[in-house]
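Engineer: Submitted below is the structure of interest, expressed as structure tokens.
The values are calculated or read from the model by the stated rules, or taken from the named source; none is laboratory data. This structure is a prediction, so every number in the text was calculated from the model and none was measured. Cβ atoms come from the backbone with ideal geometry, glycine included; neighbour counts cover every protein chain shown.
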2 protein chains.
Amino acid sequence: MKRTDRIIALTEALLTRPNELLSLGFFAERFETAKSTISEDLVTIKESLRLIGRGYLETIPGAAGGVRFLPSINQEEAEIFLADLAQKLSENERILPGGFLYTTDILYNPAVVRPLGLIFASIFRKKNPEIVVSIETKGIPLALMTADCLGVPAVIVRHGNKVTEGSSVSINYVSGSSKRIQTMILGRKALGIGKKVLIIDDFIKAGGTAKGIVSLMQEFEAEVVGLGILMEDTSWDVPRLVDNYLALLQFGVSDSTGQSAVKPKKMVNFN
Amino acid sequence: MKRTDRIIALTEALLTRPNELLSLGFFAERFETAKSTISEDLVTIKESLRLIGRGYLETIPGAAGGVRFLPSINQEEAEIFLADLAQKLSENERILPGGFLYTTDILYNPAVVRPLGLIFASIFRKKNPEIVVSIETKGIPLALMTADCLGVPAVIVRHGNKVTEGSSVSINYVSGSSKRIQTMILGRKALGIGKKVLIIDDFIKAGGTAKGIVSLMQEFEAEVVGLGILMEDTSWDVPRLVDNYLALLQFGVSDSTGQSAVKPKKMVNFN
């Protein structure tokens, strides 16, 4: 196998198995070459990926070591992507009766939620979440893509009990905006005890749902290491029930035009 | 930029933007090099990817042309993956009261649903689906990953009406196993008229839900080009309400041991 072919095959293996620790022995066997050769190739790939600014090749030394690709996005690319998305979400025909914003098409489009997951993963990776938690239904794609980029499982809280979940923990919570009492449920099997969890959701208004998930996490003795929200609704003018969240976009009515619009929030520095 | 660095950057760009048509001009500008050089690099990458058997680099000639990476998985790798998954799903502690199989952890684990989406995409790509359709909740991750690998959006049918979906089409259907009348709903905005759709779901028992989705698709004049199911329940001994589906796994009670178990089905040849 020629060096170029091997480099391409190595890059492919690393990128399509993100977060997985792959040993030098694994590659040496697959490409029938010496570990030292693989090691040199990996140095080249690591440096190239660093220059592109889309992910990091982590090398773990020792007998149980190896290499793994940690996907991420650079800040500039993230900001351009979010500005484009905000513009798309500000189109007039997206406002539904009642002033609701239509986002369903966006939230189930992999070409949109894949980069969003990459952004959340880039922001929260340093908190070392072990699980990404969200609530059905529209938070699921965001949570799944974030979990994929972080290399951890996702867990989805449900609104009703299901026979296919086994024994469950349920809590009641008050939706902050509608003031209705609702129930959220999570199967005991779904989440172990004492995990570090990252909560991801698509929208925050009064924060009742987010507060509910945080309470439910306490039942599992989980440590909430982050709360990432795609969009906050700024038309809500009383204090939110949670305040330590990070939102990427803001939805509100412009003071100058009286029109609803979506804007990107100032991004935290995540590099 | 050295050739090796450029090859790595090209491979990265193609793999992380699957199904997107990228022009030679785009790469030539990004890497400040001649289109003819990029073209030679792409021939090398195409051949390498072909040898690995994980995806295909499609070249579209002409001024509006370019290159795009179509992810797929080779048959042998798919069969090994499904055999492993079947074994994992056959663990005793997965059987819940009532004989239900616990699959939630598997269905929300990106490391499992990403390869499953790749398998469905590899099987159904030749049918050229424009949209992947599923129904909440547990079908969502499978549908999303399949859509991602195919480069198309996903659309999720819901059980109840939501104010954030706009005007909707609803149908009533009879669940084949429980015989209860249920409702499924899809927003008018979610799916255009006359699309080619691929239906993906996690489980089929009597087929009432699948039949319901097919009926709902008729309301949108959609053409159902495929019906992919992760697992069929073979304990159901009357004819299913749909028969033209493709299932990857089979769940049933073994005649010899009386134990519930999951087995891989014989795979269609998809290469």
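Engineer: In the stretch A:156-175, how many are out of contact with any Lys or Arg (no Cβ under 8 Å at 6 or more places or on another chain), of a type in the set (A, V, I, L, M, F, W, C) and more than 9 Å from chain B (Cβ to nearest Cβ)?
Structural biologist: 2
Engineer: Right, another one. How about the stretch A:252-271: which of its residues are over 23 Å from A:Ala143 (Cα atoms) and either surrounded by 15 or more Cβ atoms within 10 Å (Cβ to Cβ) or not charged (D, E, K, R) (or both)?
Structural biologist: A:Gly252, A:Val253, A:Ser254, A:Ser256, A:Thr257, A:Gly258, A:Gln259, A:Ser260, A:Ala261, listed by residue number.
Engineer: Limited to the stretch A:139-155, what total is found for residues that are at the interface with chain B (Cβ under 8 Å from one of its Cβ atoms), surrounded by 24 or more Cβ atoms within 10 Å (Cβ to Cβ) and either farther than 19 Å from B:Gly139 by Cβ or more than 13 Å from the chain's Cα centre (by Cα) (or both)?
Structural biologist: So the answer is 0.
Engineer: Additional query: Restricting the search to the stretch A:1-55, which residues are within 13 Å of chain B (Cβ to nearest Cβ) and among the basic types (Lys, Arg)?
Structural biologist: Those that are within 13 Å of chain B (Cβ to nearest Cβ) and among the basic types (Lys, Arg): A:Lys2, A:Arg3, A:Arg6, A:Arg17, A:Arg30, A:Lys46, A:Arg50, A:Arg54.
Engineer: Considering B:Asp243, B:Asp233, B:Asp202, B:Asp255, which residue is in contact with a helix residue (DSSP H, G or I) (Cβ under 7 Å, 6 or more places away or on another chain), assigned by TED's automatic domain parsing to the domain that holds B:Met145 and of a type outside the set (Lys, Arg)?
Structural biologist: Exactly one of B:Asp243, B:Asp233, B:Asp202, B:Asp255 is in contact with a helix residue (DSSP H, G or I) (Cβ under 7 Å, 6 or more places away or on another chain), assigned by TED's automatic domain parsing to the domain that holds B:Met145 and of a type outside the set (Lys, Arg), namely B:Asp202.
Condition check ((1) in the same structural domain as A:Ala63 (by TED's automatic domain parsing); (2) among the small types (Gly, Ala, Ser); (3) within 21 Å of A:Gly62 (Cα to Cα)) across all residues:
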{"residue": "A:Ile7", "(1), (2), (3)": "yes, no, no"}
{"residue": "A:Thr11", "(1), (2), (3)": "yes, no, no"}
{"residue": "A:Glu20", "(1), (2), (3)": "yes, no, yes"}
{"residue": "A:Gly25", "(1), (2), (3)": "yes, yes, yes"}
{"residue": "A:Ala28", "(1), (2), (3)": "yes, yes, yes"}
{"residue": "A:Thr37", "(1), (2), (3)": "yes, no, yes"}
{"residue": "A:Glu40", "(1), (2), (3)": "yes, no, yes"}
{"residue": "A:Ile45", "(1), (2), (3)": "yes, no, yes"}
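Engineer: Can I ask one more? Condition check: touching a residue at least 40 places away in the same chain (Cβ under 8 Å) and either more than 18 Å from B:Leu142 (Cα to Cα) or of a type in the set (Asp, Glu) (or both). Does A:Tyr102 satisfy that? Let's see the steps before the verdict.
Structural biologist: Numbers: touching a residue at least 40 places away in the same chain (Cβ under 8 Å): no; either more than 18 Å from B:Leu142 (Cα to Cα) or of a type in the set (Asp, Glu) (or both): yes.
It is false that A:Tyr102 is touching a residue at least 40 places away in the same chain (Cβ under 8 Å) and either more than 18 Å from B:Leu142 (Cα to Cα) or of a type in the set (Asp, Glu) (or both).
Engineer: Now for a separate question. Please state which one of A:Ile73, A:Ile52 is at pLDDT below 95, β-branched (Val, Ile, Thr) and within 21 Å of A:Phe124 (Cβ to Cβ).
Structural biologist: From the options A:Ile73, A:Ile52, the qualifying one is A:Ile73.
Engineer: Let me ask another. From B:Gln182, B:Gln218, grab the single residue that is surrounded by fewer than 18 Cβ atoms within 10 Å (Cβ to Cβ) and in contact with a Ser or Thr (Cβ under 9 Å, 6 or more places away or on another chain).
Structural biologist: After applying the criteria, what remains is B:Gln182.
Engineer: Where in the stretch B:1-100 are the helices (runs of 4 or more DSSP H), entirely inside, with at least 2 residues that are surrounded by 15 or more Cβ atoms within 10 Å (Cβ to Cβ) and over 26 Å from the mean Cα position of the chain (by Cα)?
Structural biologist: B:3-16, B:24-30, B:35-52
Engineer: Considering only the stretch A:221-271, state which residues are hydroxyl-bearing (Ser, Thr, Tyr) and assigned to a loop (DSSP other than H, G, I, E, B).
Structural biologist: Answer for the stretch A:221-271, where residues must be hydroxyl-bearing (Ser, Thr, Tyr) and assigned to a loop (DSSP other than H, G, I, E, B): A:Thr234, A:Ser235, A:Tyr245, A:Ser254, A:Ser256, A:Thr257.
Engineer: May I pose another question? Taking the stretch A:100-124, which residues are in contact with a strand residue (DSSP E or B) (Cβ under 7 Å, 6 or more places away or on another chain) and either more than 10 Å from chain B (Cβ to nearest Cβ) or of a type in the set (Asp, Glu) (or both)?
Structural biologist: Within the stretch A:100-124, A:Leu116, A:Ile119, A:Phe120, A:Ile123, A:Phe124 qualify.
One line per residue, one yes/no per condition, for (1) surrounded by 20 or more Cβ atoms within 10 Å (Cβ to Cβ); (2) among the charged types (D, E, K, R); (3) more than 18 Å from B:Leu142 (Cα to Cα); (4) away from chain A (no Cβ under 14 Å):
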position: B:Ser177; (1), (2), (3), (4): no, no, yes, no
position: B:Val197; (1), (2), (3), (4): yes, no, no, no
position: B:Asp201; (1), (2), (3), (4): yes, yes, no, no
position: B:Trp236; (1), (2), (3), (4): no, no, yes, yes
position: B:Asp243; (1), (2), (3), (4): no, yes, yes, yes
position: B:Gln250; (1), (2), (3), (4): no, no, no, yes
